[in-house]
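Colleague: One structure follows; several queries about it will come next.
The values are calculated or read from the model by the stated rules, or taken from the named source; none is laboratory data. These numbers come from a predicted model, not from an experiment. Cβ atoms come from the backbone with ideal geometry, glycine included; neighbour counts cover every protein chain shown.
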């Protein structure tokens, strides 16, 4: 595919390591703030839990969205292959970065509406059940009212 020099490999490795570290820090910060909010709310109100990843993956629009994203990826790959044939390594890297940015934007355009619909359904069910806080099921060790099935029914209309 790409023949990268030692400097380029080091740069890519450092970039991957930096993104990984930022992700770990972000996850740690989100975990600590979620736990404190739940602890504060737990004493005076009901807490709901939901499997958001499951609801997103089972959303009726997800199959079409995945097909659309795969078509974008395939198109970008073909575009890169044809246009990069005459480029030097530096130009290839820059063009590859541009394609990655374009695909990241497209990913958000395609999947954010589904995530927003799931979040709206979660909020509607939580409001109907009088829940003040809803947390992702993967962040809860014990307790909470599981509303995943109710949200799924709201999304599908069944």
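Colleague: On the basis of being surrounded by 14 or more Cβ atoms within 10 Å (Cβ to Cβ), assigned to a helix (DSSP H, G or I), touching a residue at least 24 places away in the same chain (Cβ under 8 Å) and within 22 Å of the chain's Cα centre (by Cα), does residue 117 make the cut?
Modeller: Yes, satisfied.
Colleague: Does segment 14-35 include one or more residues that are touching a strand residue (DSSP E or B) at 6+ places or on another chain (Cβ under 8 Å), modelled with pLDDT of 70 or more and closer than 27 Å to residue 151 by Cβ?
Modeller: So far as segment 14-35 goes, no, none of its residues is touching a strand residue (DSSP E or B) at 6+ places or on another chain (Cβ under 8 Å), modelled with pLDDT of 70 or more and closer than 27 Å to residue 151 by Cβ.
Colleague: Something else: Only one of (1) exposed (fewer than 13 other Cβ atoms within 10 Å of the Cβ); (2) farther than 18 Å from residue 48 by Cα; (3) at pLDDT 85 or above fails for residue 157. Which number is that?
Modeller: (3)
Colleague: Could I ask something else about it? Check whether at least one residue in segment 72-82 is more than 16 Å from residue 57 (Cα to Cα), in a helix (DSSP H, G or I), touching a residue at least 60 places away in the same chain (Cβ under 8 Å) and under 24 Å from the mean Cα position of the chain (by Cα), and report yes or no.
Modeller: No: segment 72-82 contains no residue that is more than 16 Å from residue 57 (Cα to Cα), in a helix (DSSP H, G or I), touching a residue at least 60 places away in the same chain (Cβ under 8 Å) and under 24 Å from the mean Cα position of the chain (by Cα).
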